[in-house]
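**Q** This is the structure, below, for whatever I ask next.
The values are calculated or read from the model by the stated rules, or taken from the named source; none is laboratory data. Everything numeric here is computed off the predicted structure, so don't read it as measured data. Positions of Cβ are backbone-derived with ideal geometry, glycine not excepted, and every protein chain shown enters the neighbour counts. What goes into the accessible areas is simple: the full protein's heavy atoms, side chains included, and nothing from ligands, DNA or RNA. Shrake-Rupley method; radii C 1.70, N 1.55, O 1.52, S 1.80 Å.
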Amino acid sequence: MMAQQWDSQIGQLQQWLDESRYVVFFGGAGVSTESGVPDFRSVDGLYHQHYSEPPETILSHTYFQRRPEDFFRFYRDKMLPLEAQPNDAHKKLAELEQAGKLKAVVTQNIDGLHQKAGSREVLELHGSVLRNYCERCGKFYGMEAVAGSQGVPRCSCGGIIKPDVVLYEEALDDTVMYRSIEHIRKADMLIVGGTSLVVYPAAGLINYYRGKRLVLINLQPTPYDRYANLTINEKIGQVFRQIQVR
């Protein structure tokens, strides 16, 4: 990207942030890749790694029920970001919320890094690896109950401890979806970052935005670029490093 174009884009983003009063951020896997959390669709993503089954099969409700040991082997190996720390994007979003600018983070990620950075209004469309519960009695467990287990993690009652994440074939939580839609409808600025906007129904949330400050930040083009008021094809952490909170 040419320096002049970069400066212009960052300048426009900064101006809109300064002027806006109800900013909402909608993010995907690209927000956490700079923290070392693998995504699915990049060259190094999970779809391009070799397992006996593709990730979308292993991470499905059917596979979890039929082959729980194989599910948890993959899940512990690839889905638990035990060492990951918030990056500049997570931190700047938390600062924007603390300053009263940002009203909500809507995320497709399940790693809990937004909360770790200090964000409070975080709507996790696909759940969180930090929460787990017994399918039999409902008792809740932290991430360590799964990370430190062998085979299929079991509750003290004998039930299987299931991660509180939305698997393929499972529906999104209605309450989380409703709150996300309400925030996006109220927003006078919507920043969409680190998502290819091809996974539905989450990607469809962008259609509820009615403002004129739609910003898309993603390394690759998305199907919604033509609707954006500003597109920036760079790493989201690099973009947010340039932003001043004021």
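**Q** If I ask for residues that are surrounded by fewer than 22 Cβ atoms within 10 Å (Cβ to Cβ), touching a strand residue (DSSP E or B) at 6+ places or on another chain (Cβ under 8 Å) and over 26 Å from Glu170 (Cβ atoms), which ones from segment 222-232 would you list?
**A** Asp225, Tyr227, Ala228, Asn229, Leu230, Thr231
**Q** Could you grab me the full set of residues in segment 99-128 that are hydroxyl-bearing (Ser, Thr, Tyr) and either in a loop (DSSP other than H, G, I, E, B) or open to solvent by 30 Å² or more (accessible area, probe 1.4 Å) (or both)? First the steps, then the outcome.
**A** Applying the first criterion (hydroxyl-bearing (Ser, Thr, Tyr)) to segment 99-128 yields 107, 119, 128.
Of everything in segment 99-128, just one residue is hydroxyl-bearing (Ser, Thr, Tyr) and either in a loop (DSSP other than H, G, I, E, B) or open to solvent by 30 Å² or more (accessible area, probe 1.4 Å) (or both), namely Ser119.
**Q** Testing Ile184 on (1) within 24 Å of Val37 (Cα to Cα); (2) surrounded by 16 or more Cβ atoms within 10 Å (Cβ to Cβ), one condition comes back false. Which one is that?
**A** (1)
**Q** How about segment 129-140: which of its residues are under 18 Å from the mean Cα position of the chain (by Cα) and open to solvent by 30 Å² or more (accessible area, probe 1.4 Å)?
**A** Matches in segment 129-140: Leu130, Arg131.
**Q** Residues in segment 187-203 that are farther than 29 Å from Gly36 by Cβ and either open to solvent by 30 Å² or more (accessible area, probe 1.4 Å) or in a helix (DSSP H, G or I) (or both): how many?
**A** Summing the residues that are farther than 29 Å from Gly36 by Cβ and either open to solvent by 30 Å² or more (accessible area, probe 1.4 Å) or in a helix (DSSP H, G or I) (or both) in segment 187-203 gives 1.
**Q** Let me ask something else about it. Has segment 69-79 got any residue that is open to solvent by 30 Å² or more (accessible area, probe 1.4 Å) and in contact with a Ser or Thr (Cβ under 7 Å, 6 or more places away or on another chain)?
**A** Looking through segment 69-79, none of the residues is open to solvent by 30 Å² or more (accessible area, probe 1.4 Å) and in contact with a Ser or Thr (Cβ under 7 Å, 6 or more places away or on another chain).
**Q** Which one is surrounded by the most Cβ atoms within 10 Å (Cβ to Cβ) among residues in segment 1-22 that are of a type in the set (Ser, Thr, Tyr) and outside any helix (DSSP H, G or I)? Spell out the reasoning first.
**A** Just the residues of segment 1-22 that are of a type in the set (Ser, Thr, Tyr), to begin with: 8, 20, 22.
Filter once more, so that each one left must be outside any helix (DSSP H, G or I): 20, 22.
Working: Ser20: 18, Tyr22: 16.
Here the answer is Ser20.
**Q** Please tell me if Lys212 is of a type outside the set (Val, Ile, Thr), surrounded by fewer than 17 Cβ atoms within 10 Å (Cβ to Cβ) and within 24 Å of Gln242 (Cα to Cα). Show your work before the answer.
**A** Working: of a type outside the set (Val, Ile, Thr): yes; surrounded by fewer than 17 Cβ atoms within 10 Å (Cβ to Cβ): yes; within 24 Å of Gln242 (Cα to Cα): yes.
Yes: the conditions hold for Lys212.
**Q** Cβ-Cβ distance below 9 Å, separation of 6 or more or different chains: which pairs start in segment 164-187 with a residue that is over 20 Å from Phe140 (Cα atoms) and end on one that is among the basic types (Lys, Arg) and not in a loop (DSSP other than H, G, I, E, B)?
**A** Within 9 Å, the pairs are His183/Lys103; Lys186/Lys103; Ala187/Lys103.
**Q** Additional query: How about segment 30-47: which of its residues are charged (D, E, K, R) and modelled with pLDDT under 90? Give the derivation first.
**A** Residues of segment 30-47 that are charged (D, E, K, R), as a first pass: 34, 39, 41, 44.
Selection gives Asp39, Arg41, Asp44.
**Q** Determine if segment 141-158 includes at least one residue that is under 23 Å from Glu19 (Cβ atoms) and open to solvent by 20 Å² or more (accessible area, probe 1.4 Å). Break it down stepwise before answering.
**A** Here is the first cut: in segment 141-158, the ones under 23 Å from Glu19 (Cβ atoms) are none.
No, because not a single residue in segment 141-158 is under 23 Å from Glu19 (Cβ atoms) and open to solvent by 20 Å² or more (accessible area, probe 1.4 Å).
**Q** Is it the case that Arg131 is closer than 19 Å to Met177 by Cα, part of a loop (DSSP other than H, G, I, E, B) and in contact (Cβ under 8 Å) with a residue 12 or more places away in the chain?
**A** Values: closer than 19 Å to Met177 by Cα: yes; part of a loop (DSSP other than H, G, I, E, B): no; in contact (Cβ under 8 Å) with a residue 12 or more places away in the chain: yes.
It is false that Arg131 is closer than 19 Å to Met177 by Cα, part of a loop (DSSP other than H, G, I, E, B) and in contact (Cβ under 8 Å) with a residue 12 or more places away in the chain.
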